[in-house]
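The values are calculated or read from the model by the stated rules, or taken from the named source; none is laboratory data. All figures in this text were calculated on a predicted structure; none of them were measured in a lab. Ideal geometry is used to build each Cβ from the backbone, glycine not excepted, and the neighbour counts take in all protein chains shown. Heavy atoms of the whole protein, side chains included, go into the accessibility calculation; ligands, DNA and RNA do not. Shrake-Rupley method; radii C 1.70, N 1.55, O 1.52, S 1.80 Å.
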Amino acid sequence: MSRKIFVIDTSVLLYDKKALEVFGGNDIVLPMAVLEELDKFKEKPGLLGESARYVNRFLDSLRESKLEGGWRTVEDLDLRISFDTRVPEISKDVDLDLGRNDNKIIGCALRLKKDNPENKVIVIT
């Protein structure tokens with residue numbers, strides 16, 4: 001069975017700072033919109049800021065891991081993470097306002113599904 005691709009929304013990471021760790025055996029894609037939103041929360045006091053800082057440190061630690069085909073691997077979790085920095089392209093069949101970050105995340109998932117038809121692509125929000 002092929003690995004699933006999970007596109008994770010910012011709210012998931014802010015609600016549970018260790019959320020990425022539960023997706024072992026699969027792949028995670030973090031769209032640029034999520035990375036930008038996380039960055040905005042780093043300076044916040046309380047749990048939101050703590051979660052944003054924790055996730056950023058975790059993602060920063062991936063710089064030391066080997067990059068294979070655009071994926072960073074967390075071997076002890078059997079997890080691959082990729083950062084989607086491309087501008088979402090929405091087909092004319094889908095009416096999404098790309099001025100909204102939620103729609104950018106959906107656009108990322110739609111592109112992943114098109115590019116990876118053999119994998120199940122799931123948005124977690």
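The helix-only estimate of mean residue ellipticity at 222 nm for the chain, built from DSSP H runs of length n ≥ 4 each weighted as -39500 (n - 2.57), is -11500 deg cm²/dmol after division by the residue total. Between residue 16 and residue 86, the contour length at 0.36 nm per residue exceeds the alpha carbon distance by 22.6 nm. Along the Cα-to-Cβ line of residue 73, 7 Å from the Cα, sits a label point; which residues in the range 101-123 have backbone N less than 19 Å from it? Hits in the range 101-123 for residue 73 at 19 Å: none.
On a per residue basis, the chain carries 62 Å² of accessible surface, using protein heavy atoms and a 1.4 Å probe. Packing order of peptides 49-55, 20-26, highest average first: 49-55, 20-26 (average count of other Cβ atoms within 10 Å over each peptide's residues). Rolling a 1.4 Å probe over the protein heavy atoms of the chain, with every protein chain left in place, gives an accessible area that is 51 percent carbon and sulfur.
Residue order by solvent-accessible surface for 114, 66 is 114, 66, largest first, with ligands and nucleic acids left out and a 1.4 Å probe.
Using R0 = 22 Å, the C-beta based FRET efficiency linking residue 60 and residue 118 works out to 0.10.
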